[in-house]
Amino acid sequence: MHYPHKISRKKKIRAIGFRKRMSTRKGRKIINSKRRNGRKIGVR
C-alpha cells in the first residue's frame, strides 16, 4: 500500500495553524466564522 507524502506537524502548524490564521485579516475572518458556528478552535 502506498502512503501519501506526510508533512511534518511543525510545517503544517506553521502553514495553517492558529497563529498563522490570526496574522492575516482573512484568517481572522475564518476563525470568527467558525466561532459563530459554535466550532471549538484548537490552539496549536
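Read-outs throughout are calculated quantities, based only on the coordinates presented, and are distinct from any laboratory measurement. Being a predicted model, the structure only gives us computed values, none of them experimental.
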(message) Quick check on the chain: take the gyration tensor over C-alpha atoms, sort the square-rooted eigenvalues as a ≥ b ≥ c, and tell me if it's rounded (a/c under 1.5), prolate or oblate.
(response) prolate
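Given only helices, namely DSSP H runs of n ≥ 4 each adding -39500 (n - 2.57), what is the per-residue ellipticity at 222 nm of the chain, to the nearest 500 deg cm²/dmol? Each step should come with its number before you reach the end.
Working: 3 runs with 26 residues, N = 44.
Helix-only estimate at 222 nm: -16500 deg cm²/dmol.
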(request) Please determine, in degrees from 0 to 90 and to the nearest 10, the orientation of helix 25-36 with respect to the longest principal axis defined by the Cα atoms of the chain, where the helix direction is its Cα long axis. (result) 80
(message) Which lysines, if any, have their Cα less than 16 Å from the Cα of LYS11, not counting same-chain residues under 8 positions apart?
(response) LYS20
